[in-house]
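Let me begin by presenting the structure, written as structure tokens, before commenting on it.
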Amino acid sequence: MKTKQIFILLIIISCVVTIGCSAETSSDLFVQGTVTSAVTGDSIAEANIDISEYQNCGGFEDWDCIQLVASYTDSNGHYGPIHVILDGNFAITASKEGFLTKSASLSPGRHTINIVLIPTN
């Protein structure tokens, strides 16, 4: 009898976790896109993509960032979709050795953000 109760409890917990994880709210962030070179227009493979929550919204330079997701682009320069479940303001940052780092602010919602990086030389 005890085994049956544990099994039913596990099913209930599994259902709650699944429903909680799949439900989209107005504070969710979904972002995807492509990273390319400003000079050649070519896609940039293995560029770092970071999604952060920022506070102290006094100005773009004054961000106090908390990194939430670290990802990178594929061989075609594509990243995402990245899904973040958190209420707040977000920043996306793309970086790659040999290019200037670029950041932009994001609000919750669904976004396609194509990022163009400028070579340093």
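Points to keep in mind about this one:
- Listed by first and then second residue, the pairs with beta-carbon distance under 8 Å, at least 6 apart or on different chains, first residue in the range 87-107 and under 17 Å from Val35 (Cβ atoms) and of a type in the set (S, T, N, Q), second surrounded by fewer than 16 Cβ atoms within 10 Å (Cβ to Cβ) and at pLDDT below 85, are Ser103/Phe60.
- Filtering the range 80-105 to residues that are among the hydroxyl-bearing types (Ser, Thr, Tyr) and more than 15 Å from Leu68 (Cβ to Cβ) leaves Ser95, Thr101.
- Scan of the range 65-104 for residues that are surrounded by fewer than 17 Cβ atoms within 10 Å (Cβ to Cβ), over 12 Å from the mean Cα position of the chain (by Cα) and not in a strand (DSSP E or B), ordered by number: Asp74, Ser75, Asn76, Asp87, Gly88, Glu97, Gly98, Leu100, Thr101
The values are calculated or read from the model by the stated rules, or taken from the named source; none is laboratory data. Values in this document were obtained by computation on a predicted structure and should not be read as measured data. Positions of Cβ are backbone-derived with ideal geometry, glycine not excepted, and every protein chain shown enters the neighbour counts.
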